[in-house]
Amino acid sequence: MKTSQNVSNRETPDQTTLSVSNIGGIEETTVSFQQGITVLSGRNATNRTSLLQGIMAALGSDRASLKADAKVGEAVLEFGDETYRRTLHRQNGTVVTEGDPYLEDPEVADLFAFLLESNEARRAVARGDELRDLIMRPVDTDAIKAEIQQLEQRKQRIDDELDELDELEDRLPDLEAKRTRVSDEIESLREELEEAEAQLEATNVDVETRREERSELETKLDELRGTRSDLERTRDRIDTERESIAALEDEREEVEAQLEELSTGEETDVGRLEAEIDSLQSQKDDLNEEISQLQRTVQFNERLLEEAGEFLDDDGHEHDGGAVTDQLLADSDSETVTCWTCGSSVATEQIESTLEQLRGVHQDRLEERSGIDDELDEKRATLTEINENRTEYNRADRRLDSIDDEIERRRDRIDDLTDERESLTEEIDDLESEIDDLESDGSEDILEQHREVNQLEFELERKERERDEIEDEIADVEDRLGDREGLESRREETTEELTDLRTRIDRIEEDAVEAFNEHMENLLETLGYSNLDRIWIDRTTREVREGRRKVSRSSFDLKIVRSTEEGAAYEDAIEHLSESEREVTGLVFALAGYLVHDVYETVPFMLLDSLEAIDAERITALVEYFESYAPYLVVALLDEDAEQLAQSHDVVSEI
């Protein structure tokens, strides 16, 4: 047996077989379906709706009822080479479902494919509910918003890197000009050094004979040159540390400003906010359970009314139908129903009135849940903003501590380097004094030339070191600039993803409105309702609060235009439509959801029931119009409504 999955790559076989036991009013039956239209034809209370519930159960819906006198029910769908099995059994007063249905999540199928009388999409039109929320229910807008936020952060990081590359690119000409200048200075120093060395060589004609006399002097001169080099490096290091401290102090000012900005505003009690969110979520969970219970109660009582006549023969007497017939009897004279739980007789009008009240309570709970959803969104957005603000504040605070520590370390290093510089300066003074004492016997010129050569060598060494540092920095900048193409490509991809996500919800809404308007126009022309010119959805926007922001949210407004006998057009309301017109409008709205969410790719069946408000000729046109959009279209009809379809499509008359 295959584990159920919502996938679109499963092949749809030409034929499928359904076996049902103890579901609805069915004790046991097996029915085969061909692709296309299958008509379930019969009088009321002939288990047509129960068979549709069996299909729904095998596909994965929980909106199927267990036969009243049974403990266990089952629906088995043989679909090509695969078999999907669903069982229902009673447990602690409720019906529990188990097994491997065709679908893991039946939500879109319940909304847009299983179009029984209680289908929410059909009823939403008749009640004048907000249609946009129902169309968008299968779309995980929170996940889309979270993904948008992640992509925005990624794009911001890429933009920051590109801005940094722009700054590096702007620095590159200055670095290259500086390298050229230093290289020119090096060349000049080399020429000066060569000239000074040549003069020293010409002057020192008796180097060999006077070497011993000058050995100590030479040693001191070499020592002096080395010490001066050490002093220069120490001064450079001090300058570098001071520049680093200045940069760190600038950064500290920026971080302090950021901290001040992040710390502004009212402090919010996060614990209280989280408790409110938990409380709202608990309320929502309770409402979900209550809504489900109400839905099941409504469906059961609707079936109770529909199938009450099932247990009477043509003379109005009870026939042999099992235990339930002992509990549920219809009185043809008084139009009452005997309650199978308490045994009392209740007028069908009273049950219908109670049903209407239950439907009203169900709608109230849906609206209450919608309000809680809005409040949850607002509080979660506020909590997210607070947590992000606190995270950023803590990060900045840690960075400030790190900067202060780094500044302190560098100041200590400057103190050490300053002491070293003073020591080297004293050492140079001592060496120069010793050299002055050693200068004699006409050696002053030679010593001066030695000083000049030593100074030029030192300066040349320093400049070459500076040039190497510049070249290393240029190479680093060029390496970084080499990343630009990849960053720009990543930014373009991220921007495209953002655009796709930001417009995905709008596209779904636009496609749903377009689908409804197109098919509504086609069907009104086909069905030929007199003086009904047009029905369409107008997509508008309204301002709502989301967290601390005001955002625009779409709304679907159903518009109706009629014309008088004189041909004058006027706008009408949904309440003024005939029952037939309302049913057609609700079915077309469900078809729009079926198409915009590609339900046909994951759900091979579309089910239609309770079309009695529409005349037979229009039912035929409507069903054949729907046929092209669903692989298997199963429709439950009365015998008189099924006659025309029965001539060209498969018919099941005994269940």
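A compact table of results
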{"quantity": "R534/R390 FRET efficiency (R0 60 Å; Cβ-Cβ; nearest 0.05)", "calculated": "0.65"}
{"quantity": "Amide proton proximity set for D572, modelled H, under 5 Å, gap of 5+", "calculated": "I560, V561, R562"}
{"quantity": "At q = 0.13, 0.14, 0.21, 0.23 Å⁻¹, base-10 log of I(q)/I(0) for segment 1-122 (Debye sum, equal scatterers on each alpha carbon)", "calculated": "-0.50, -0.58, -1.35, -1.56"}
{"quantity": "Degrees between helix 616-627 axis and first principal axis of the chain (Cα, 0 to 90, nearest 10)", "calculated": "30"}
{"quantity": "Burial order of peptide ranges 408-418, 25-35 (average beta-carbon count within 10 Å, highest first)", "calculated": "25-35, 408-418"}
{"quantity": "The chain: relative contact order as a whole-number percent, Cα under 8 Å and 6+ apart", "calculated": "26"}
{"quantity": "Using alpha-carbon coordinates, inclination of helix 579-596 to the longest axis of the chain, degrees", "calculated": "30"}
{"quantity": "Residue-by-residue Karplus 3J(HN,Hα) for segment 385-395, coefficients 6.51, -1.76, 1.60, Hz, glycine and proline x", "calculated": "5, 5, 5, 5, 5, 5, 4, 5, 5, 5, 4"}
{"quantity": "Set of segment 470-504 residues, backbone N closer than 14 Å to the point 7 Å along the Cα-Cβ line of L162", "calculated": "483-499"}
{"quantity": "Difference of contour (0.36 nm per residue) and Cα-Cα distance, S555 to I474", "calculated": "23.4 nm"}
{"quantity": "Computed FRET value (nearest 0.05) for D639 with H576, which takes r as the C-beta separation and R₀ as 35 Å", "calculated": "0.65"}
{"quantity": "Under Karplus coefficients 6.51, -1.76 and 1.60, residue-wise ³J(HN,Hα) of segment 86-98 in Hz, glycine/proline x", "calculated": "9, 10, 10, 8, 7, 8, 6, x, 10, 9, 10, 10, 9"}
{"quantity": "For T38, distant residues with modelled amide H under 5 Å away", "calculated": "L633, V634, V635"}
{"quantity": "Calculated [θ] (222 nm, deg cm²/dmol) that DSSP helices of n ≥ 4 give over the chain, each run adding -39,500 (n - 2.57)", "calculated": "-22500 deg cm²/dmol"}
{"quantity": "Check: the chain dipole with +1 on Lys, Arg Cβ and -1 on Asp, Glu Cβ, in debye", "calculated": "5600"}
{"quantity": "Burial order of peptide ranges 87-93, 178-184 (average beta-carbon count within 10 Å, highest first)", "calculated": "178-184, 87-93"}
{"quantity": "By average C-beta atoms within 10 angstrom, highest first, the peptides 71-82, 496-507", "calculated": "71-82, 496-507"}
{"quantity": "From phi via Karplus (6.51, -1.76, 1.60), per-residue ³J(HN,Hα) for segment 179-196 in Hz, x at Gly/Pro", "calculated": "4, 4, 5, 5, 4, 5, 5, 4, 4, 5, 5, 4, 5, 5, 5, 4, 5, 5"}
{"quantity": "Amide H contacts under 5 Å for G24, placed H, 5+ residues apart", "calculated": "S65, L66, K67"}
{"quantity": "Share of pairwise Cα separations in the chain, more than 38 Å, in percent", "calculated": "58"}
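No value in this document is a laboratory result; all are computed from the given coordinates. Quick caveat: nothing in here was measured; it's all calculated off a predicted structure. Glycine gets a Cβ as well: all are built from the backbone with ideal geometry, and neighbour counts include every protein chain shown.
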